[in-house]
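The values are calculated or read from the model by the stated rules, or taken from the named source; none is laboratory data. Computed from a prediction, not measured in an experiment: that's the story for all the values here. So basically every Cβ, Gly included, is an ideal-geometry build from the backbone, and we count neighbours across all protein chains shown. Accessible surface areas use protein heavy atoms only, side chains included; no ligands, DNA or RNA. Shrake-Rupley method; radii C 1.70, N 1.55, O 1.52, S 1.80 Å.
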Amino acid sequence: MSSGFSRQALAKGSILSAGVLLVAALIGLLNYFGMKYYQRFDWTGSKLYSLSDKTKSVLAGLPADKTIDVTLFLPPGSPLHDPARELLERYAAATPQVKFRAIEAEKNLIEAQRLVEKFELASLNVVVFESGADRRVVEESDLADYDYSGIQYGQPPQMTGFKGEEAFTGAILELAESRKPKVLLTSGHGEASIDESGASGFSQVRDLVGKENLSLESWTSLGKPNVPEGTDLLVIAGARAAFIQPELDAFGRYLDRGGRMLVLLDPELAGSAPGGVQKRGLEAWLATRGVDVRDDIVVDPSATVPMYGAETLFVNAAGAQPIVESLQQAGYPVIVALARSVAPGAAPEGMEATTLLATSADGWGETDLVNLRGVAKDGKDSPAPVPIAVAVAKKEKDSSPSFDEEEIDAPEPDLATGEGPDWRLVVIGDSDFATNALLPSAGNPTLVANAFNWLLERQKLLGIGAKKPDQVRLSLTPGQLSAITWGVLAGLPALAIAAGTAVWFRRRRAR
């Protein structure tokens, strides 16, 4: 009896062991094939986490010796942390040349501090792309578009578009090409310097736009026949001396080839001609490009900044143009100091000038500059609202054309026909708003960053648009909510009791 029982126990044990080994083998096979034939699914309606064909093409075209390390610093509490992490994991899954890691400062403070010092980060709300000694830093503000209309009612901003793929693929593409957008700042006319750390310097602009993302250099335009080849953006910031005609001709040729310019002009009073504004040589030239630079000083008694002089005031966004759209939605003003009015003029055919910033209805452009101690609004002054900044670009078409790589190499027709290269120009009647003294204030850093991004227009090369996040909501009436609550609290336990009773009766009959 004992021998038979032992044999039965041994047989059962062998069968059980074989079953366990078989299950283990099946699990091993499933894991092996799961790793070898890896597949992720995107169930969002807008395919928020699906990589576009252009991104896949960029990843497939990475040089064999190019490895890109991506570090996500966004805190878990950020609304962009989860979509950014999910998307970056898909980049890493698409190619072994992209290495991804997420750093949570609260859990790994030492490692986070080490990387902050290594990357020279001003904040932890960034994503860093690194390849060798080169890197790109993507700010959290570049990852999404928001609707701020509900702020006045106490509601948080609502994400209207997720731009993570556009920003991430752009950073990878720039690292793969080992090229940073080249930004030149003119010098030799008393312009502000990016190396000056004092109150009137532009060193914080250099830090804001990211010294890892752009190549910013000073360039002496006097005596140079052309703007250097490969210049992505030319900046004139606070010139105090006049530009001569050969320089203006060089600027014109640069724009006609599809160049981009940012011009910041201050209204410095002319000493030799009391009551006038010193000419910079740019006024007449800008008029041919659709920008009317006026000889006045902007005054707005209802918008002066406390603790500052009457010349320091705040102005607001004046339209839905991409540079100021976020400022308008959030209601953030821009603080300027001793500004002149800059208005849309007669733009070349095919181009359009748009106002970016303007005063309130109480402002005006003071043209009588002889007696500035007793300024008063009269019929000679520029009427309110006074425009202070203008952007010029090609007119918007009824429907945006799809990206076509052949367009990049298309011939360059005559600019006069309105079909020439897509040049862009932004002119602002003040440079003080971007100096170290005022840049941290209100919407000033947003205006500077947006102006650079719009002028450089990196997303056009990629043709990757923002994706609308899914916002699935279930609206229930109080009666429906009550029914669901009682169903969960009472229905589920009742089902469990009924099932248990049925099992008890079945076992009892079996006996």
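Percent relative contact order of the stretch 119-258, based on C-alpha pairs within less than 8 angstrom and at least six residues apart?
About 21 percent, as a whole number.
Distance check, please: which entries in K66/K180; K56/K163; K224/K394; K54/K394 exceed 22 angstrom between their Cα atoms?
Checking Cα-Cα distances, K224/K394; K54/K394 exceed 22 Å.
Going highest first, how would you order 498-508, 356-366 by mean Cβ packing within 10 Å?
Peptide ranking by packing, descending: 356-366, 498-508.
Step through the residues of the stretch 115-122 one at a time and calculate ³J(HN,Hα) from phi using the Karplus curve (6.51 cos²θ - 1.76 cosθ + 1.60, θ = phi - 60°), rounding each to whole Hz and writing x for Gly and Pro.
6, 4, 5, 5, 8, 6, 8, 8
Taking amide H positions as placed 1.01 Å from N in the peptide plane, with prolines and chain starts having none, which residues 5 or more places from A237, or on another chain, fall under 5 Å of its amide H?
Amide H to amide H, under 5 Å and 5 or more residues apart or across chains, A237 pairs with T186, A192, L264.
If packing is taken as the average count of other Cβ atoms within 10 Å, what order do 421-434, 14-27 fall into, highest mean first?
Ranked from most to least packed, the peptides come out as 421-434, 14-27.
Please work out how much accessible surface L124 shows to a 1.4 Å probe, ignoring ligands, DNA and RNA, in Å² rounded to 10.
Number for this one is 60 Å².
Quick one: ranking Y308, Y91, Y146 by accessible area, 1.4 Å probe, largest first, what do you get?
Reading off the accessible areas and sorting them downward yields Y308, Y146, Y91.
Given axes a ≥ b ≥ c from the Cα gyration tensor, I'd like to know whether the stretch 121-199 is rounded (a/c under 1.5), prolate (a/b larger than b/c) or oblate.
oblate
By per-residue mean of other Cβ atoms within 10 Å, what is the highest-first order of 242-250, 134-142, 289-297?
Listed from highest to lowest mean packing, they are 289-297, 134-142, 242-250.
Taking H placed 1.01 Å from N in the peptide plane, check which residues at least 5 places from L338 or on another chain put their amide H under 5 Å from its amide H.
Sorted by chain and number, the residues that satisfy this are T312, L313.
How many nm separate the modelled label positions at Q155 and S123, each set 7 Å beyond the Cα in the direction of the Cβ?
2.4
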